[in-house]
Protein chains: 2
Amino acid sequence: MQSRIVEVRQGILKKNDLLARDLRQRFAAADLFVVNLVSSPGAGKTTFLQATLTSLRARCRVAALVGDLATERDAERLKQSGAPVRQIVTGTVCHLEAEMVGSALADWDLAALDFLFIENVGNLVCPASYDLGENLRVVLLSVTEGEDKPLKYPTIFSGADLAILTKMDLAEAVGFDRDEALHNIQEVRPGLEVLETSARSGLGMEGWLEKLARSRAIS
Amino acid sequence: MQSRIVEVRQGILKKNDLLARDLRQRFAAADLFVVNLVSSPGAGKTTFLQATLTSLRARCRVAALVGDLATERDAERLKQSGAPVRQIVTGTVCHLEAEMVGSALADWDLAALDFLFIENVGNLVCPASYDLGENLRVVLLSVTEGEDKPLKYPTIFSGADLAILTKMDLAEAVGFDRDEALHNIQEVRPGLEVLETSARSGLGMEGWLEKLARSRAIS
């Protein structure tokens, strides 16, 4: 049984990789920069993205896709930024796949956008294995989750292009050990850039927006 | 492709259900009460379980199994309680399965134990679908994750026998809306019992230990 599971998983991945390649070409042709946000549930993806969309809207054309097992709550929250947002409801599926992204974007004019943010399903395991054709994969880690998470969920950290510490305003209240967290990230993915942020206090948000602009310019 | 995935998943579940039934019979024969703890990463399962094991050890015979993708860190932390602990490393698998539990317990004398705690992989999606033969499935939700998690991950809440709010000592710092969280849990699983706890301050821990004793007595 185990070997059959592995075979099928490889089959899905191969198909996903092909679809992700098509998406990547479509994004490049539209000069669109795509960011895939992954994290555990409750790490603050939606709050972080809401603040990002609200700030970026003043400077450029942005939109978002958001994946969840159930409800359209996150899309409703993100729409408050004024940006176009579409929800992908995955049912029992623990991650977004390239096919879901392709379907959700089918009738969008991508050339009318500068940035597309994809908020993945809250999960530190499954989304690591599914390329969505993004330019930048960002893993978020909140200070409330514990400094050991990079060691315990290495794949999602080693596959990321950028790590963002969230909820830094709570660092003291939860006894967050910043040095240990940074050390553990570097253990798993040496050289990975890390930004320290709080969407609530605004800490680090300007640096994040500059990082986005730089990344888009060189992409 | 999609239909084939579903077929295989059903195949795995059927096999898991059969193995879980065997485990349940084995647990009953040994008069062992088994608790399966599920939550997102960083909800505080290990800290909560460490406090539980430390308290229970004075009164009865306890042990734990702990599942993670990588590292033996949680097992090392739990062993500080003095209870026997075994780590299950799942690699890339996002949940524990009955077969993994059966293998980990193969050489244990279950009749020498009163309680076995299984700390599942940190994930609000996948563990919901895998019966481990437990008597009590407990879903933990930390106040730092957001009150909407029951609505966004309904399956894991609707399949639980008990919900435990953790990190209640941080409720004020994070602006936790207790009424909304309780309301959302009841939306998904009407009547589900909810305990409010903090392993750090000790809040609610005695009530949890009493709940365990009562549940074991009537099982």
Does any residue in region B:50-68 that is more than 14 Å from chain A (Cβ to nearest Cβ) come within less than 7 Å, Cβ to Cβ, of a residue that is among the hydroxyl-bearing types (S, T, Y) six or more places away or on a different chain, and which pairs are these?
-> B:L53/B:S81; B:T54/B:S81; B:R57/B:S81
Out of B:V93, B:V125, which single residue is touching a residue at least 12 places away in the same chain (Cβ under 8 Å), within 20 Å of B:I185 (Cβ to Cβ), at the interface with another protein chain (Cβ under 10 Å from one of its Cβ atoms) and not hydroxyl-bearing (S, T, Y)?
-> B:V125
Take the residues of region A:90-102 that are in contact with a helix residue (DSSP H, G or I) (Cβ under 7 Å, 6 or more places away or on another chain) and not in a loop (DSSP other than H, G, I, E, B): which is surrounded by the most Cβ atoms within 10 Å (Cβ to Cβ)?
-> A:V101
Of the residues B:L116, B:L162, B:L105, which is under 13 Å from the mean Cα position of the chain (by Cα), within 19 Å of B:D22 (Cβ to Cβ) and either modelled with pLDDT of 95 or more or open to solvent by 10 Å² or more (accessible area, probe 1.4 Å) (or both)?
-> B:L116
For region B:12-23, which residues satisfy the criterion of being open to solvent by 30 Å² or more (accessible area, probe 1.4 Å) and either at pLDDT below 90 or among the β-branched types (V, I, T) (or both)?
-> B:L13, B:K14
Do we have any residue at all in region B:140-149 that's in contact (Cβ under 8 Å) with a residue 24 or more places away in the chain, under 19 Å from B:L53 (Cα atoms) and open to solvent by less than 40 Å² (accessible area, probe 1.4 Å)?
-> yes
Among what's in region A:156-174 and is more than 9 Å from every other protein chain (Cβ to nearest Cβ) and of a type in the set (G, A, S), pick the residue that is farthest from A:I218 (Cα to Cα).
-> A:A171
Please determine, by comparing only the residues of region B:70-89 that are assigned to a loop (DSSP other than H, G, I, E, B) and out of contact with any Lys or Arg (no Cβ under 8 Å at 6 or more places or on another chain), which one is farthest from the other protein chains (Cβ to nearest Cβ).
-> B:P84
Restricting attention to region A:182-211, the residues that are closer than 18 Å to B:T144 by Cα, touching a residue at least 40 places away in the same chain (Cβ under 8 Å) and open to solvent by less than 30 Å² (accessible area, probe 1.4 Å) number exactly 1
Condition met for A:S129 (of a type in the set (S, T, N, Q) and open to solvent by 10 Å² or more (accessible area, probe 1.4 Å)) | yes
Which residues, taken from region B:128-155, are within 17 Å of B:E193 (Cβ to Cβ) and either charged (D, E, K, R) or more than 9 Å from chain A (Cβ to nearest Cβ) (or both)?
-> B:E134, B:N135, B:L136, B:R137, B:V138, B:V139, B:L140, B:P150
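The values are calculated or read from the model by the stated rules, or taken from the named source; none is laboratory data. Fair warning: this is a prediction, and the values are worked out from it, not measured in the lab. Here Cβ is always computed from backbone atoms with ideal geometry, including for glycine, and neighbour counts include all displayed protein chains. The protein model used for the area step is the full one, side chains on, heavy atoms only, and it has no ligands, DNA or RNA in it. Shrake-Rupley method; radii C 1.70, N 1.55, O 1.52, S 1.80 Å.
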